[in-house]
1. In whole Å, what are the extents of the range 72-254 along the principal axes defined by its C-alpha atoms, from largest to smallest?
2. Taking the Cα centroid of the range 293-316 and of the range 4-79, what is the distance between the two, rounded to the nearest whole Å?
3. Taking a threshold of 20 Å on the Cα-Cα distance, which of the pairs 58/151; 58/156; 162/196; 196/287; 75/335 fall above it?
4. Suppose a student asked you for the relative contact order of the chain, using Cα pairs under 8 Å spaced at least 6 residues apart; what percent would you report?
5. Express the relative contact order of the range 258-338 as a whole percentage, based on alpha carbon pairs under 8 Å and six or more residues apart in sequence.
6. Just for the Cα atoms in the range 183-342, what are the lengths along the principal axes, largest first, rounded to whole Å?
7. By its C-alpha gyration tensor, with a ≥ b ≥ c as the square roots of the eigenvalues, how is the range 38-135 shaped: rounded for a/c under 1.5, else prolate for a/b larger than b/c, else oblate?
8. If packing is taken as the mean number of other Cβ atoms within 10 Å per residue, what is the order of 115-123, 289-297, highest first?
Amino acid sequence: MSESERRRKRAEAIDTFVRSFVSSENEDLYSNMLVTICRLGADGADRGDLKILNSALKELRYAFKTFAPYGEIPKLSMFGSARTAEDHPQYLQAKRVAELIQEQGWMVITGAGDGIMRAGHHGATRQASFGVAISLPFEQSTNTIIADDPKLVNFKYFFTRKVLFVKEARAIVLFPGGFGTQDEGFESLTLIQTSKSSPVPVVLCDEPGGTYWQHWRGYVEEELLGNGMIDATDMHLFYITDNADDAVAHIIGFYRRYHSSRYVGDQFVIRLNTPVSESSMDEINEKYGDMLLRDRFEQVAGPLEGEDEVYPDKHRLVFAFNRRSAGKLRLLIDKLNEDSAA
């Protein structure tokens, strides 16, 4: 039997298996996953590598299942030190941000530990909290607010855990913290900067009068921007404040007109809560045209073909985004939200 014949028979067997056991509109993706498994076998993959893949798949499957019932509720991912005491101004500030965002109908995701993570759950309450815990040999333990809650997910790997922090968040708030907080902050900004994740507000929040993020911004300006390692517009990808009300107002304001975004083919589509005036469209084309690969910004009513008819009541801003100007894209979103014309 030739190699092409073996591949054909394998594909037929996989398709038959999928139709019998996981029949759904996503049969093509289930089949592709099984093809990948067969290729791992043909590669003679190392058992240790297979254990990583197996654990990662199981962790993500369970996490997706846990978050699925709450898909339409906006969520805030909160990061910060696990060592912050409950009477520290940073803890109290994080608790206040969580309280305020929960009052707006949001839920809060933290790493489920103590310190700033507990403050997030403390302010949001157990009912409006998710925990994505990591197994560590020291320091990390599940806080008493989220312990044993069905919305608590335990992870072995940081990389699978990070997927949930970013995938589920419609906003990210970082409080002062150590290496982990810096890692999570820079990764979130990198994903937005490289258009690997949707634009969301990233707020760096200090205690009242605090200087942690001011010093961080000084380093970014001096070393990263000053040496040409980032663009000047990338400085708009984050917002620094030491006021809880201001932090939450910034997040809510981001969704004033902007609703969500996605790619449809090679077109970037911004869904709008209210349409943009013709005069504003002219200004957008004049001021932000350098973000485009071709043509102009266009506004259309309702979903594009390929959007699966989601949010049929919302207008769309459609354009061929160059995928390089993430900071300029953030400025465009700010322009849309600040424009009072309906």
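Every number in this text was worked out from the coordinates using simple rules, so none of it is lab data. Model, not experiment: these values are computed from the prediction. Here the Cβ is made from the backbone with ideal geometry for all residues, glycine too, and neighbour counts use every protein chain on show.
1. Reported extents, whole Å, longest axis first: 47, 34, 33.
2. Cα centres, the range 293-316 to the range 4-79: 31 Å.
3. 196/287; 75/335
4. 13 percent.
5. 34 percent
6. Per principal axis, max minus min of the Cα coordinates gives 46, 34, 30 Å.
7. Oblate, because a/c is 1.5 or more while a/b does not exceed b/c.
8. Final packing ranking: 115-123, 289-297.
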